[in-house]
Amino acid sequence: METKTKEKNSKTNGKKQTATAKKPTPKATEKKETTSAKEAEKTEAVKKVAEILNPTAEQRIQRLEVFQQLGERKKRIDSKADELAKFRAGNDNVSQKMEFTTDCGYRFTISHNGTIEKLLNVIEDDLHTLKERTDAEVQEFQI
């Protein structure tokens, strides 16, 4: 930090006095920079809010298309949850059998009741989680 000194004549007692002029400190410069950065962030946030609250026609149409996709996903998940509930209601727990197949023709069959019950519980939990998440997305979505 540099200082400059000046000598002055004092009228009262005839002695010379020394005055020092200081340059701005780095802290003062940092405060000005952070203040301007905060103001820039505020104006950017205001612009984003304005875009959300006052969308253009094109933005509304795009949002509508996204909302329709969310609706379709919700319908599919609800449908699968209903199918699983019906499957469990019609299950006699005696002669259960679950089969997995691939496009290549490979097959895998499970007939153990305990294993099938565990798999159904996992599937049910996943469907429930997906359903809750999708319901929340649909309710929070703004066109």
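Pick out the one residue from Ala50, Ala45, Ala85 that is in a helix (DSSP H, G or I), modelled with pLDDT of 85 or more, under 24 Å from the mean Cα position of the chain (by Cα) and small (Gly, Ala, Ser). Steps first, please.
Numbers: Ala50 fails: modelled with pLDDT of 85 or more; Ala85 fails: under 24 Å from the mean Cα position of the chain (by Cα).
From the options Ala50, Ala45, Ala85, the qualifying one is Ala45.
Within the group Lys11, Lys32, Lys27, which residue is assigned to a helix (DSSP H, G or I), modelled with pLDDT under 75 and exposed (fewer than 10 other Cβ atoms within 10 Å of the Cβ)? Don't jump to the end; show me each part of the working.
Numbers: Lys11 fails: assigned to a helix (DSSP H, G or I); Lys32 fails: exposed (fewer than 10 other Cβ atoms within 10 Å of the Cβ).
Exactly one of Lys11, Lys32, Lys27 is assigned to a helix (DSSP H, G or I), modelled with pLDDT under 75 and exposed (fewer than 10 other Cβ atoms within 10 Å of the Cβ), namely Lys27.
So Phe100 ticks every box in (1) among the hydrophobic types (A, V, I, L, M, F, W, C); (2) loosely packed, with under 12 Cβ neighbours inside 10 Å; (3) touching a Phe, Trp or Tyr at 6+ places or on another chain (Cβ under 6 Å); (4) within 26 Å of Arg63 (Cα to Cα) but one. Which box is left unticked?
In the conditions (1) among the hydrophobic types (A, V, I, L, M, F, W, C); (2) loosely packed, with under 12 Cβ neighbours inside 10 Å; (3) touching a Phe, Trp or Tyr at 6+ places or on another chain (Cβ under 6 Å); (4) within 26 Å of Arg63 (Cα to Cα), Phe100 misses (4) alone.
Output the qualifying pairs, or none if there are none: Cβ atoms under 8 angstrom, residues six or more apart or on different chains, first residue in segment 63-84 and free of Cβ contacts under 8 Å to residues at least 60 places away in the same chain and surrounded by 15 or more Cβ atoms within 10 Å (Cβ to Cβ), second residue polar (S, T, N, Q) and assigned to a helix (DSSP H, G or I).
Ile77/Thr134
Give just the number: which of (1) of a type in the set (Val, Ile, Thr); (2) surrounded by 10 or more Cβ atoms within 10 Å (Cβ to Cβ); (3) outside any helix (DSSP H, G or I) does Val94 not satisfy?
So Val94 meets the others, but not (2).
Give me the pairs: first residue in segment 114-143 and in a helix (DSSP H, G or I), second residue surrounded by 12 or more Cβ atoms within 10 Å (Cβ to Cβ) and of a type in the set (S, T, N, Q), beta-carbon distance under 7 Å, and six or more apart or on different chains, which are they?
From residues that are in a helix (DSSP H, G or I), the pairs are Ile116/Gln96.
The values are calculated or read from the model by the stated rules, or taken from the named source; none is laboratory data. In this text, all values refer to a predicted model and were calculated from it rather than measured experimentally. For neighbour counting, all protein chains shown are included, and Cβ atoms are generated from backbone atoms with ideal geometry for every residue, glycine included.
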